[in-house]
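S.K.: Before I ask anything, let me first share the structure, which is written out below as C-alpha cells.
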Amino acid sequence: MFRENITDDISHDVLTSGKIEVKNFKDQIGYQQDSTVIKTVLKKQNGNVVLFAFDKDQGLIEHSASSEALIYIIEGEIDFIIAGETYLLKDGDSLKLPVKAPHSLFAKEKTKILLVVISE
C-alpha cells in the first residue's frame, strides 16, 4: 500500500493550481493518424513535463538538448537512438538522457511517452 502511494504521487499537479488532481498520463493525450501529438503537462522555470503520442512509423529527427531528461514509455514500443546506438524501449521502460547527447526516435507502434526535462 505504501509503495502505491509513492508511485501515484507523480500524477499530482499541486504546483500549478494549488489543488490536488489525480490524472492518468495515458488518458491525457490521444493519437492522430500519421502524426505526433505533443502536450505540455507542466512548465516551470527549471524544467518541463511533456507528453508525446506518436502514431506508428512516426518519430523525431536527430537533435540534442541542453538539459538532462528522463524518458518514460507509457505504452507502445520505440527505437530510441543515442549517438548512433539503438535502444528498444517498451511499456514501462525509462531512459536517462545525458546532456547534449544526439538522439532521435522511431515509433515501431503507437507509443505514448512522458518526457521530464530538468534545467540547472
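S.K.: How big is the gap, in Å, between the Cα center of the range 72-110 and the Cα center of the range 27-61?
M.R.: Their Cα centres are 14 Å away from one another.
S.K.: Over 27 Å between Cα atoms: which of LYS39/LYS108; LYS44/LYS96; LYS19/LYS96; LYS26/LYS56; LYS44/LYS108; LYS39/LYS96 fall into that group? The partial results should precede the final answer.
M.R.: Working: LYS39/LYS108 21 Å; LYS44/LYS96 20 Å; LYS19/LYS96 30 Å; LYS26/LYS56 16 Å; LYS44/LYS108 31 Å; LYS39/LYS96 20 Å.
In this structure, LYS19/LYS96; LYS44/LYS108 exceed 27 Å between Cα atoms.
S.K.: Moving on to the next point. What distance in nm separates the simple spin-label points at LYS110 and ASP57, each placed 7 Å from Cα in the Cβ direction?
M.R.: Between LYS110 and ASP57, the label points sit 1.6 nm apart.
S.K.: Also: Once every DSSP H run of n ≥ 4 in the chain is given -39500 (n - 2.57) and the sum is divided by its residues, what mean residue ellipticity at 222 nm do you get, rounded to the nearest 500 deg cm²/dmol? Intermediate results must be reported in sequence, preceding the final value.
M.R.: Details: 2 runs with 11 residues, N = 120.
Rounded to the nearest 500, it is -2000 deg cm²/dmol.
S.K.: Among LYS19, LYS96, LYS43, which one shows the highest mean-square fluctuation when the chain is modelled as a Gaussian network with alpha-carbon springs under 10 Å?
M.R.: LYS19
S.K.: Relative to the present Cα-Cα distance, how much length would full extension add between LEU42 and LYS19 at 0.36 nm per residue of separation? Provide the component values of the computation, followed by the final result.
M.R.: Details: separation 23, 0.36 × 23 = 8.28 nm, distance 1.41 nm.
Going from the current span to full extension adds 6.9 nm.
Every read-out reported here was derived from the displayed coordinates using simple, explicitly stated rules and does not represent laboratory data. Bear in mind that the values here come from a model prediction, so they are computed numbers and not experimental data. Virtual Cβ from ideal backbone geometry, glycine too; neighbours counted across all protein chains shown.
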